[in-house]
Every structure is written in C-alpha cells, then in structure tokens.
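Enquirer: Sharing a structure, written as structure tokens. Questions coming.
The values are calculated or read from the model by the stated rules, or taken from the named source; none is laboratory data. Computed from a predicted structure; not experimentally measured. Glycine also receives a Cβ, built like all others from the backbone with ideal geometry; neighbour counts cover every protein chain displayed. Remember, those area values only see protein heavy atoms, side chains included, never the ligands or the DNA or RNA. Shrake-Rupley method; radii C 1.70, N 1.55, O 1.52, S 1.80 Å.
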Amino acid sequence: MIVYDLACPDGHRFEGWFGNSAEFEAQRARGLLSCPTCGHAEISKAPMAPAVPAKGNARQEVLAPESHRAMASAPLPPQLREALAALARAQAEALKHSTWVGERFAEESRAMYYGEREQAPIHGQASLDEARALVEEGVPIAPLPFPVAPPEKLN
Ligand SMILES: [Zn+2]
C-alpha cells in the first residue's frame, strides 16, 4: 500500500491510496481518479516540496521542469461524467450494507482484525496517522474513492 500526494490542474491537493504504483497508473489511465474538491479527472502526483539545502551546502539540486499535462476542455465528456457517477453510485450501493462507525473506524477495524468483535462491513473516518498504523499492522483497510458524508449530517 502506498500513499501519493495527488493534485488536480486547479491545484487542489489530496491523498490517494494504491496497492502499488502500477495500480495508480492504471486507475489514472482509465480516468478513475478525480479531484474530491472539483471532480477534475486529470490527476497527477503533486510535486514534492524541494528540501531546503543546508547553509554552506554548495551542491544545487535542479528540479526538472514538469512535463506538459494532458488537458481536456471543460466540461468533461459525458461518458466520463457517467462513469464517475456510476462509480459514485456503486460506492453508495456498497455502503448500504456497511455500518458507519465514524471516528471509531480505527478502533473497530483493529478489534475485528484481532478477533475482539464480530466481522462486519464498516466504514468511517480515520486520520492519516491512524490509517498508516492500521496498514502497518496488517489490518485490511481501503480508502473509499469518493468522500462520504457522516449520516448524522444527512437529513
Ligand atoms: Zn480540483
């Protein structure tokens, strides 16, 4: 499992979780990645902030200029919008059989993994640190492709 800092052409940054780098490339190539803020599907890895060289360090790192990005004129083609909408519906459908546990996600996932509670599909929120810790422990978790509003905020 790897975590990438991703960015859309409008500069929104977010994190994407992938099994490996090939999976990231495959999902990107198929247009399955989209910006959670604006829905833009042209996603690239965010450039890492260059390290500030220590004083007196004469060696200068020169960062290669970013290659040109593929762009699409807005709005997105209907097939792409439909595919994204279908994916969002599929997530909503899958979550109907899953219980929202909110901020207890890390605790509940861990309890299931260690057999302290019955296995059941759950979804909720975890901080990046919590998620990383779970992954390191081997607890099977996956990021959801689309944001989920906590049920208490839905009317
Ligand atoms: Zn965006």
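Enquirer: ALA83 - would you say it is in a helix (DSSP H, G or I) and either within 24 Å of LEU128 (Cα to Cα) or modelled with pLDDT of 85 or more (or both)? Quick ask: steps written out before the conclusion?
Expert: Numbers: in a helix (DSSP H, G or I): yes; either within 24 Å of LEU128 (Cα to Cα) or modelled with pLDDT of 85 or more (or both): yes.
In short, yes.
Enquirer: Of everything in region 116-153 that's in contact with a Leu (Cβ under 8 Å, 6 or more places away or on another chain) and in contact (Cβ under 8 Å) with a residue 60 or more places away in the chain, which residue is nearest to LEU32 (Cα to Cα)?
Expert: Only one residue fits best here, namely PRO145.
Enquirer: Any chance region 129-137 includes a residue that's at pLDDT 85 or above and over 17 Å from the mean Cα position of the chain (by Cα)? Walk me through it before giving the result.
Expert: Start the filter on region 129-137 by keeping residues that are at pLDDT 85 or above, which leaves 129-137.
The next check asks that each one be over 17 Å from the mean Cα position of the chain (by Cα); those that pass are 136-137.
Yes, region 129-137 has at least one match.
Enquirer: Being in a helix (DSSP H, G or I), open to solvent by 80 Å² or more (accessible area, probe 1.4 Å) and either hydroxyl-bearing (Ser, Thr, Tyr) or over 20 Å from ALA142 (Cβ atoms) (or both), is that true of even one residue in region 106-114?
Expert: yes
Enquirer: Applying the selection to region 1-45, what residues are more than 15 Å from the ligand (Cβ to nearest atom), open to solvent by less than 50 Å² (accessible area, probe 1.4 Å) and in a loop (DSSP other than H, G, I, E, B)?
Expert: Residue satisfying the conditions is GLY19 alone.
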